[in-house]
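K.L.:
I'd like to ask some things about the structure below.
The values are calculated or read from the model by the stated rules, or taken from the named source; none is laboratory data. Everything numeric here is computed off the predicted structure, so don't read it as measured data. Positions of Cβ are generated from backbone atoms using ideal geometry, with glycine treated the same way; all protein chains shown enter the neighbour counts. Note: accessible area is taken over every heavy atom of the protein model, side chains too, but ligands, DNA and RNA are not part of it. Shrake-Rupley method; radii C 1.70, N 1.55, O 1.52, S 1.80 Å.
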Amino acid sequence: MEKDKTLLVKPIVGAIIIILILAYIVSVVLKANFTQIKTETANIMTVSESVSAKGYFIRDEHLISYNEGGFVSYIIDDGDKISKNEAVANVFSDAEAAAEKNQADKLEIQIKKLEQLEKTKEAISATPDELDKTIDNDLSKINQYISDRDYASVQNICDNMLYSLNERQLVTGKTEGYDAKINDLRSQLDALKNDAASKTQKSISSPATGYFVSSADGYENIYTTADIDKLMPGDLAEDKLSKRDVSADVIGKTIEGVSWYVACDVSAEDALKIKSSDELHIELPLVNNELISVKLYSINQKTKTSDAVVILQGDFMNKEMAQVRSEDISIVVNTYTGIYISKKAVHERELSKKVTDNNGKTVEVKENVTGVFIKLGNELKFKQIIPIYTGEDFVVCKKDLSDSDKVFDRDAGILKPYDNVVVEGANLYDNKIIDRTN
């Protein structure tokens, strides 16, 4: 009887072992099939391809000097346009006289604004709510201009806001007019003018037409626009750009003309990128929040395969631009707008299709296709892409594919914006069923 039990146990143990082995195999297969995947949304994005370089800004600059004593008071701002022989500063006997002249100029502006209101007060159609919105907008602009360090525009907006506030006083009946205020301001202005005029010594004029800057950096005219055609690699080295002492008599300078140039040492490869670009811009965050448009003036190099000096020409000007000399810049050679995806998502797959050849025979045609896998419900789908730009860790793809782009006219297999693109996962293939929790 014991012998019979032993014979019975052995097959049972064997069956259990076989079941455990099969369960293990099934679990491995299922684990492989339902591997955890990670997706990212495909978005439309614009990216730039740029060349980094050290830029040296070249301008024709005329120093303005004065050494006859007195207090110099500037009457225009840095970066403002100036004509030849136009006054850039007045010289007063002392700082108090300069302050009086400045106050007189402000009073003149106020008087003109109030006189304009008096002439048009009967025709004002703006409501208090509309004026409040205008004032709120002006406040927002002031914050933006302060952020951009555009202080000249801050003053202009403040003048506009004062006008709107005075206009609101008329509309709401808080005042019947500004004649009394105008007369009072005129009396103050006449007194200030008489006093300031007696203390004014002379004016200082610009030697050329261009842009005014109230300082000098010591690099003026080391290179001028007459030199840019001759600049070669090595000419922009630090030892060739030695800063000069600026005389204490210098009170500013005029940048002649409306254009400036920036010279950059670049490799032959980068020079070719710049030359091939249809539209060039430079990035100067400390000068302007937006890209600055430039043109390619020249590429100076000994041979087509040697390093080069690239000369770019621009005409954008503000206070910061007028003062910039040597800066690290990015030269934007191309911008690309398309579907932005991670480079980890890109795969190569061989697709095939049976077609009828010219002899009427059915043949199988195969072609390698670049694409990505997307998650659609609980299924993976392979979608074709056409990369237009590849970065270090990303790819920008065409938004719309032409019929010639599509492999076998696979309309359903084209990547679209907002698809959930698989960026991590193993054992990926078309029509694979995945766990819904993934």
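K.L.:
List the residue pairs whose Cβ atoms are under 8 Å apart, where the first residue sits in region 132-148 and is within 21 Å of Asn288 (Cα to Cα) and without any contact (Cβ under 8 Å) to a residue 12 or more places away in the chain, the second is open to solvent by less than 70 Å² (accessible area, probe 1.4 Å) and assigned to a helix (DSSP H, G or I), and the two are 6 or more positions apart or on different chains.
P.N.:
Ile146/Val154
K.L.:
Continuing with the same structure: Can you pull out every residue in region 285-303 that is open to solvent by 50 Å² or more (accessible area, probe 1.4 Å) and either more than 21 Å from the chain's Cα centre (by Cα) or not aliphatic (A, V, I, L, M) (or both)?
P.N.:
Pro285, Asn289, Glu290, Ser293, Lys295, Tyr297, Gln301, Lys302, Thr303
K.L.:
Turning to a different aspect of this structure: Step by step: first the residues of region 316-360, then only those that are open to solvent by 20 Å² or more (accessible area, probe 1.4 Å) and among the hydrophobic types (A, V, I, L, M, F, W, C), then the one that is farthest from the chain's Cα centre (by Cα). Which residue is that?
P.N.:
Val355
K.L.:
Here's another thing I want to ask about it. So how many residues does region 245-276 have that are of a type in the set (Lys, Arg) and under 30 Å from Asn85 (Cβ atoms)?
P.N.:
So the count comes out to 1.
K.L.:
Let me ask something additional. State which residue is surrounded by the most Cβ atoms within 10 Å (Cβ to Cβ) when the search covers only region 169-221 and only residues that are of a type in the set (A, V, I, L, M) and within 21 Å of Asp249 (Cβ to Cβ).
P.N.:
Val213
K.L.:
Still on this structure, I have one more. Search region 93-108 for residues that are closer than 17 Å to Gln155 by Cα and pair each with any residue that is open to solvent by 60 Å² or more (accessible area, probe 1.4 Å) when their beta-carbon atoms are under 7 Å apart and the residues are at least 6 apart or on different chains.
P.N.:
Ala104/Lys193; Leu107/Gln188
K.L.:
Oh, and also: Return yes or no: is Ser306 under 25 Å from Asp227 (Cβ atoms) and surrounded by 17 or more Cβ atoms within 10 Å (Cβ to Cβ)?
P.N.:
No: the conditions fail for Ser306.
K.L.:
Of the residues in region 222-244, how many are in contact with an Asp or Glu (Cβ under 6 Å, 6 or more places away or on another chain), open to solvent by 40 Å² or more (accessible area, probe 1.4 Å) and closer than 29 Å to Glu86 by Cα?
P.N.:
Adding up the residues that qualify gives 1.
K.L.:
Same structure, new question: Among the residues in region 144-157, are any more than 21 Å from Met321 (Cα to Cα) and of a type outside the set (A, V, I, L, M)?
P.N.:
No; the residues of region 144-157 include none that is more than 21 Å from Met321 (Cα to Cα) and of a type outside the set (A, V, I, L, M).
K.L.:
Condition test on Ser93, is it hydroxyl-bearing (Ser, Thr, Tyr), surrounded by 14 or more Cβ atoms within 10 Å (Cβ to Cβ) and either more than 34 Å from the chain's Cα centre (by Cα) or farther than 29 Å from Asn183 by Cα (or both)?
P.N.:
Criteria met by Ser93.
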